[in-house]
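The values are calculated or read from the model by the stated rules, or taken from the named source; none is laboratory data. In this text, all values refer to a predicted model and were calculated from it rather than measured experimentally. Please note: Cβ atoms are built from the backbone with ideal geometry, for glycine as well, and neighbour counts cover all protein chains shown. Surface accessibility is based on the protein's heavy atoms, side chains included, excluding ligands, DNA and RNA. Shrake-Rupley method; radii C 1.70, N 1.55, O 1.52, S 1.80 Å.
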Amino acid sequence: MFVAVRWRNTLKKHVIVTALATSLLAPAALANNFNYNYLEFRTAVSPRFSGGEFSLMVGENIHVLARADSQFEGDADIAGGIGFNGPVNQFIDVFGQALVHSISYTDEENKDRETLPEFNIGLRMWLTDQLEASTRFGQLDESSVFYAGVRFHSTSQLSLSAETRNYGIHGPQLTMSVRFQY
């Protein structure tokens, strides 16, 4: 009887140690911390422009996006491409984009239409339950791209943001946007 009890206790310990070791070796199963299905409208100052952006998840960690911005002076920056996204931990996502821009300039700038590539990478991080901080760095042809901002999520479907951005075309700008998530 004593041998059977001792053997059972030893077996329990081995099962527990094996289960713990297996759980430590298994990769963590994390989902994205942010919604990449959205429609956004924005406006900026210095120089003044308005625009919109659309993003759609096409896989667990892949999304397609399109955006257009203009000063409404005969110019336009229309971009489209593919992005990736994935969790770093339970509060932070890493994301990146590969875009192709079609840029037409104002008559005052006297430049021809250009088609340029953009590559960027960034982070989105929850600061509180409703406040998100994000940043993005990249390259548009030979110009740098920078974006940093905070986004207030008033509901699960609506958020407002204040950002500073430099798309590599017009220089640094202050931007406000509203995003509808679906």
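Table for the structure above
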quantity: The range 58-182, accessible surface, carbon-and-sulfur percent (1.4 angstrom probe); calculated: 62 percent
quantity: Label-point separation in nm, Phe146 to Met125, each point 7 Å along Cα→Cβ; calculated: 1.7 nm
quantity: Paramagnetic reach from Glu108 (point 7 Å along Cα→Cβ, amide N under 15 Å) across the range 35-53; calculated: 45-50
quantity: Segment Gln139-Ser70, length gained on full extension (0.36 nm per residue, minus Cα span); calculated: 22.8 nm
quantity: Accessible surface of Asp129 - all protein chains present, 1.4 Å probe, nearest 10 Å²; calculated: 150 Å²
quantity: Derived scalar couplings ³J(HN,Hα) [the range 34-47; Karplus, 6.51 cos²θ - 1.76 cosθ + 1.60; whole Hz; x for Gly, Pro]; calculated: 10, 8, 9, 9, 7, 10, 10, 10, 9, 9, 9, 10, 6, x
